[in-house]
1. With respect to B:Ser134, determine if the residue is farther than 17 Å from A:Gly152 by Cα, crowded, with 19+ Cβ neighbours inside 10 Å and not acidic (Asp, Glu).
2. Identify all residues within the range B:16-25 that are over 16 Å from the mean Cα position of the chain (by Cα) and within 26 Å of B:Ser93 (Cβ to Cβ); write none if there are none.
3. What residue, of B:Gly185, B:Gly148, is closer than 17 Å to B:Phe218 by Cα, more than 10 Å from chain A (Cβ to nearest Cβ) and part of a helix (DSSP H, G or I)?
4. Among the numbered criteria (1) under 26 Å from B:Arg17 (Cα atoms); (2) more than 14 Å from chain A (Cβ to nearest Cβ); (3) among the small types (Gly, Ala, Ser), which single criterion is violated by B:Ser93?
5. Among residues belonging to the range B:200-224 that are over 16 Å from A:Ile153 (Cα atoms) and within 7 Å of chain A (Cβ to nearest Cβ), point out the one that is modelled with the highest pLDDT.
6. Across the range B:188-209, what is the number of residues that are among the β-branched types (Val, Ile, Thr), without any contact (Cβ under 8 Å) to a residue 60 or more places away in the chain and outside any helix (DSSP H, G or I)?
7. Can you tell me how many residues within the range A:102-148 are within 7 Å of another protein chain (Cβ to nearest Cβ), under 19 Å from the mean Cα position of the chain (by Cα) and either modelled with pLDDT of 90 or more or over 18 Å from A:His49 (Cα atoms) (or both)?
8. Count, please, the residues in the range A:26-63 that happen to be at pLDDT 80 or above and not aromatic (Phe, Trp, Tyr).
Amino acid sequence: MENKKLKILAFVTTALVLLSMYMVFFSLPVMRSGAGEVLDSSFKIFYFHMPIAITAYFAFFIVFAASVMQLKSHDVKWDIYARSAAEIGVIFALLVLITGSIWAMATWGWYWIWEPRLTTSLALFLVYVTYLLLRQAIEDPESRARLASVFGIVGFVSVPLSFFSIRLWRSAHPLMFGEAMYGSTGGGLEGSNLQFTLVVNFLAFLALFLTLFIYKSNMEILKEEIHVLRVSRR
Amino acid sequence: MIRSLYIAAKDLRTELRTKQVLNSMLVFSIVVMVIFSLSLSDVLSDSSVIDRLAPGLLWIAFIFAGMLGITRTFASETENSCLEGLRLCPVDSAAIYTGKAISSMCLMFIVEIVTVPVFMVLFNYNIPNIPVISIVILLGTAGFSVVGTLLSALTVKTRTREILLPVLLLPLLVPVLIPAVMATGKILAGEGIVQIIMELRLIAVYDIIFFTLARMLFDYTLEG
């Protein structure tokens, strides 16, 4: 039964991702500037960029929450959740950096500038890469779970702080929604078609994350079982 | 609080008897300064370039030297199962953490007190506002040792702790390094304490948050 649900989820995810791709590449209207000339389509990457970024933050929040629970309850299941979310989150964070850099090259002319959001995303990515490194370096599963949880909590707390510290610089990253705290807004998204595309992309990436997360944690549970079997056979 | 001072005093006493860590930290940071000075010898005469390089160079030297010290804070306790002895002490584990953080902070201050004059000599540079810059260095160093001590305890049982600790530490230090370097830069450019209040506040917040967090979490790092 569990297996069947998973298959349905995987199927829905595939459909959503395909739909979101179709909408981004084929159904979006051509972008025009105020004067009516056709702009290049580099902006379309935003429809991937922002949902992936939010999903990555979500994944790291799961790492944080699971780490807290792990320290409280010493249940191996929280450790499994933490490591599954961290691994997928790192991939998503890397994708955020890559898609952002591609867009920046097309628009600003540089792949990278030292700017609040970029630096925060980079710090975020590095913190969780080191989190995975730490996990690799500890052999004993119990202390690995405990120490990784401590780092998972500390790392998560450092991220908002690094955002505030980097905000001392002026930001060049466009803000799509809400009032800009500094710098200029990116203009926002108008028109229901565009907003709908964004929503579909959100759902697609969230579903993708959930599917990967469930598969990954199931795999980790199996690994634990194998480990237990091996130890008991000795 | 007084108990953590005992722990710190114990650490500093053993350190001052052997001076193993302190000497290597001092020599290392001086060597780093010499290397910087050598590699930048072309621009040494141009003080406007030094103005812009100095904050980064100083903090790189502090951080690298601090890394050397911080790996030893708990590694030195692994011999003769000192760590178990330390945990058997009738003190809170948070007191052990605080003591360790204080002692590593003291070592770093000694190194910094030596490094800054060496920097001024080698770079033929005059630091304008010594009291204000010491506040920045003080707060920044506190942030470094607060996080470093926790991670040092975290990595002490791993196989590759000497390599792992710097790698783990640097991303977490981003929030303290950026304001510290910026504040140092502003002071070197001749600005007073009023202009860097924002940076100082950020570093102080970082210190407080991580100190509280580390005191809470420290117990878990020593278990088992």
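1. Working: farther than 17 Å from A:Gly152 by Cα: yes; crowded, with 19+ Cβ neighbours inside 10 Å: no; not acidic (Asp, Glu): yes.
Judged against the criteria, B:Ser134 is not a match.
2. First, the residues of the range B:16-25 that are over 16 Å from the mean Cα position of the chain (by Cα): B:16-20.
Result: B:Leu16, B:Arg17, B:Thr18, B:Gln20.
3. Working: B:Gly185 fails: closer than 17 Å to B:Phe218 by Cα.
Within the list B:Gly185, B:Gly148, the selection yields B:Gly148.
4. (2)
5. The extreme case among them is B:Leu202.
6. First pass over the range B:188-209, keeping only residues among the β-branched types (Val, Ile, Thr): B:193-194, B:196-197, B:203, B:205, B:208-209.
The next check asks that each one be without any contact (Cβ under 8 Å) to a residue 60 or more places away in the chain; those that pass are B:194, B:197, B:205, B:208-209.
Now restrict to residues that are outside any helix (DSSP H, G or I): B:194.
Summing the residues that are among the β-branched types (Val, Ile, Thr), without any contact (Cβ under 8 Å) to a residue 60 or more places away in the chain and outside any helix (DSSP H, G or I) in the range B:188-209 gives 1.
7. From the range A:102-148, those within 7 Å of another protein chain (Cβ to nearest Cβ) are A:123, A:126-127, A:130, A:133-134, A:137-138, A:142-143, A:146-147; that's our starting set.
After this cut, where a residue has to be under 19 Å from the mean Cα position of the chain (by Cα) as well, the list is A:123, A:126-127, A:130, A:133.
Right, trim to either modelled with pLDDT of 90 or more or over 18 Å from A:His49 (Cα atoms) (or both) and you get A:126-127, A:130, A:133.
Looking only at that region, the number is 4.
8. 12
The values are calculated or read from the model by the stated rules, or taken from the named source; none is laboratory data. Fair warning: this is a prediction, and the values are worked out from it, not measured in the lab. Positions of Cβ are backbone-derived with ideal geometry, glycine not excepted, and every protein chain shown enters the neighbour counts.
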